[in-house]
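K.L.:
Have a look at this one.
The values are calculated or read from the model by the stated rules, or taken from the named source; none is laboratory data. Everything quoted here is computed from the prediction, not taken from an experiment. Cβ placement follows ideal geometry from the backbone for every residue including glycine, while neighbour counts extend to all protein chains displayed.
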Amino acid sequence: MVIDTPQESSGPVRAEGDQRPDTFRLGKHTLRSRLIVGTGKYASYELMQQALELSGTECITVAVRRERLVDQQGRNILDFLDLQRYLLLPNTAGCFNAEDAIRTARLGREILLGLEHPGADWVKLEVLGDARTLLPDPIATLEATEKLVAEGFQVLCYTSDDPVAARRLREAGATSVMPAGSPIGSGQGVLNANNLRICLEYLKEDDPDYPVIVDAGVGTASDVTVAMELGVDAVLLNTGIAHARDPLQMALAMKAGVEAGRLAYLAGRIPKKLYATASSPTEGVIASRAR
């Protein structure tokens with residue numbers, strides 16, 4: 001099967017007649033695509049390259065621990081990424097304490113500084129609680145956030161959908177708080193929409209432009225759309241594309257899901273009602289004659 005590469009997209013426009021791209025700020029960076037895609041778990045680097053292109057993403061995450069940069073054939077993942085096209089977001093995947101996460105963040109910064117890449121000034125922070133659930137350790141995540149912010153990092157924090165934990169991370173100086181829709185790689189989608197709504201309320205109460213990103217758990221395009229319809233600014237995913245039966249088709253689907261969800265959020269859905277509401281007027285209809 002051949003899939004045509006789509007034209008470069010500026011994302012959904014704001015309204016009819018207004019052709020300004022619907023961009024958003026993420027720290028010092030401005031993005032048009034609201035889909036952030038990971039680079040792990042693909043069957044090959046070549047497949048990863050194609051999927052990233054079809055997804056329309058501008059920002060990709062890369063695990064920077066040394067053993068994750070090189071595949072079984074000894075090839076470095078950075079050789080397969082267009083550093084002029086994509087903004088790299090180093091992440092601390094696989095870290096289970098604050099010290100390891102901080103050390104990994106510094107390593108990512110050094111690598112990207114050596115490449116003179118603008119992604120050197122930020123990090124996607126993951127500090128996991130255990131290997132079975134891959135849920136975040138809230139205390140270690142807060143500790144690492146405070147220390148990395150003090151070192152000048154823009155910290156994008158992976159966290160649970162606990163609104164109180166999310167607010168504490170923002171107060172600690174996180175550039176973005178990224179609550180999980182469901183556990184990493186689970187494909188369960190958004191399990192607790194109400195918690196995400198409260199997270200949005202808490203995080204955006206003083207600044208409606210504060211970036212909130214759903215990170216983890218989405219398995220298909222409808223999951224992405226649901227997340228975007230709640231009002232989050234972007235969705236970050238990896239497994240949903242990389243482990244799909246057809247990653248290239250799923251990359252296209254995820255791109256469309258983000259754009260559809262964003263447009264629906266901007267449009268404003270109708271309220272849910274218990275009973276039907278006729279779509280045609282009932283006044284002035286022709287009455288039948290009694291026989």
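K.L.:
Looking at the structure I just gave you, is THR225 crowded, with 21+ Cβ neighbours inside 10 Å, over 14 Å from LEU47 (Cα atoms), at pLDDT 95 or above and among the polar types (S, T, N, Q)?
P.N.:
yes
K.L.:
Is it the case that some residue within the stretch 36-56 is assigned to a loop (DSSP other than H, G, I, E, B), modelled with pLDDT of 60 or more, within 15 Å of the chain's Cα centre (by Cα) and among the small types (Gly, Ala, Ser)?
P.N.:
Yes: the stretch 36-56 contains one or more residues that are assigned to a loop (DSSP other than H, G, I, E, B), modelled with pLDDT of 60 or more, within 15 Å of the chain's Cα centre (by Cα) and among the small types (Gly, Ala, Ser).
K.L.:
Right, here's the next one. Taking into account only those residues within the stretch 124-140 that are free of Cβ contacts under 8 Å to residues at least 40 places away in the same chain and part of a helix (DSSP H, G or I), which is surrounded by the most Cβ atoms within 10 Å (Cβ to Cβ)?
P.N.:
PRO138
K.L.:
Additional query: I'd like to verify a number: residues in the stretch 261-287 that are hydroxyl-bearing (Ser, Thr, Tyr) and modelled with pLDDT under 90, how many?
P.N.:
The qualifying residues number 4.
K.L.:
Test of understanding: among ALA260, ALA174, ALA251, which residue is touching a residue at least 24 places away in the same chain (Cβ under 8 Å), aliphatic (A, V, I, L, M), assigned to a loop (DSSP other than H, G, I, E, B) and in contact with a Ser or Thr (Cβ under 6 Å, 6 or more places away or on another chain)?
P.N.:
ALA174
K.L.:
To continue, here is another question. Are any of the residues in the stretch 207-218 hydroxyl-bearing (Ser, Thr, Tyr) and at pLDDT below 95?
P.N.:
No.
K.L.:
Are any residues in the stretch 228-245 touching a residue at least 60 places away in the same chain (Cβ under 8 Å) and either over 13 Å from THR39 (Cβ atoms) or surrounded by 19 or more Cβ atoms within 10 Å (Cβ to Cβ) (or both), and if so, which ones?
P.N.:
The answer is MET228, ASP233, ALA234, VAL235, LEU236, LEU237, ASN238, ILE241, ALA242, HIS243.
K.L.:
Given ALA256, ALA290, ALA234, which one is of a type in the set (Gly, Ala, Ser) and at pLDDT below 95?
P.N.:
ALA290
K.L.:
Please state which one of VAL226, VAL235 is β-branched (Val, Ile, Thr) and in a strand (DSSP E or B).
P.N.:
After ruling out the rest, the residue left standing is VAL235.
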